[in-house]
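K.L.:
Questions regarding the structure given below will be posed in turn.
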Amino acid sequence: MRFATGILILAALLGETSAVGQNDVDSDATSKVLALERLWAQGSHLRDVKALDSIFDEGLVNLDIDGRLMSKAQTLADTLTAGPVEIVVESTGARVHGDVVVVTGVLHLKGVNQGKPYFRRGRFADTWLKRNARWVCIGSETTPIEEQ
């Protein structure tokens, strides 16, 4: 009986230790990916396609706020041809699923298109994958939030 109780206590302690260890891993993944999200916003604002190229997976699927489905190459080309844009992320949340992190949030886009200023809000979901020891964005979707 004592042996079985000892095994149960040991199993519970090991489970707690691995849960704490997993929380550390999740926290590390979350902070790294959220830093990459900030790099994305800054890279878009500065039209730094080299920075964006480094964080987008070759197979990136990007569904933008206007409903356009774009590849990595199209997203980078769009960054170069679009007018200046300021991206402000209002809120974010992240969920870690092993080597995948899904980031959700609300963003504001402010810029000029064909000489006319615009302001848009959108809700986004970005999917990041840890590949070869680095995080890359494999998918992004932004849905417009209509102003009331």
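The values are calculated or read from the model by the stated rules, or taken from the named source; none is laboratory data. This is a predicted model, so every value here is computed, not measured. Here the Cβ positions follow ideal geometry from the backbone for every residue, glycine too, while neighbour counts run over all protein chains shown.
K.L.:
Kindly indicate whether any position in the range 121-134 is at pLDDT 95 or above and acidic (Asp, Glu).
P.N.:
Within the range 121-134, one or more residues are at pLDDT 95 or above and acidic (Asp, Glu).
K.L.:
Moving on. Assuming residue 19 fulfils every condition listed in (1) modelled with pLDDT of 90 or more; (2) over 21 Å from residue 89 (Cβ atoms) apart from one, which condition is it?
P.N.:
(1)
K.L.:
Please work out if residue 101 is out of contact with any Pro (no Cβ under 9 Å at 6 or more places or on another chain) and among the hydrophobic types (A, V, I, L, M, F, W, C).
P.N.:
Considered against the rule, which asks whether it is out of contact with any Pro (no Cβ under 9 Å at 6 or more places or on another chain) and among the hydrophobic types (A, V, I, L, M, F, W, C), residue 101 comes out as yes.
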